[in-house]
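Only the coordinates and a few stated rules stand behind these numbers; no lab work does. Here the structure is a predicted model, which means the values were calculated and not measured. Neighbour counts are summed over all protein chains in view; Cβ atoms, including those assigned to glycine, are modelled from backbone coordinates with ideal geometry.
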Amino acid sequence: MGKIKVVIKKIGRNPIVTIIEDDLKTAQRIVKGRIEIVSVANGIDMIVNEEGKLNGSEPNFYIAQNGYTDLIFGDVLFTGVDYEEGTQISLTDGQIQYVLDWLNNCRKPKGDEQGEEFIRYYIDI
């Protein structure tokens, strides 16, 4: 496996641009568990902990997409995506700027949100 340029957004910290190994174990280590891949925009994937809302992870940021709002729990990894190959690739400089601007404009959690309560609230609506 090679290396790819990514953005990592840890809970309560500013996002960082870094280079990581392009493998499953590295992604799992960063998000601290099993991964779930969410397509964001412009050939960008957001990789989160699949059980972040259920395992006691702290809230990181809100995401609004396609008329829906969700709260993302745990540390997050942003990568580029090659749709033809179905693989993660390095982010371009333009994609990195898009992610950084997007994260800067995301609503931050107040700190008292809980994953299971958040899920129950949105399921009950």
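Here are some notes:
- Local charge for residue 16 was computed over the other residues whose Cβ lies under 10 Å away, with Lys and Arg +1 and Asp and Glu -1, and equals +3.
- Computed from backbone phi with θ = phi - 60° and the Karplus coefficients 6.51, -1.76 and 1.60, the 3J(HN,Hα) list for the range 68-83 is 10, 10, 9, 9, 8, 10, x, 6, 10, 10, 10, 10, x, 9, 9, 5 Hz; x is used for glycine and proline.
- With an a/c value of 1.5 or above and a/b larger than b/c for the gyration tensor axes a ≥ b ≥ c computed over the alpha-carbon atoms, the range 64-104 is described as prolate.
- Contact order, relative form, for the chain: 27 percent (alpha carbon pairs under 8 Å, 6 or more residues apart, mean separation divided by residue count).
- Comparing 35, 89, 16 in a Gaussian network model of the chain, where Cα atoms under 10 Å apart are tied by springs, the biggest mean-square fluctuation is seen for 16.
- CD proxy at 222 nm, helix term only [per DSSP H run n ≥ 4: -39500 (n - 2.57); per residue of the chain; nearest 500]: -7500 deg cm²/dmol
- Cα-based values for the range 3-124, radius of gyration first and Dmax second, are 13.9, 43 Å.
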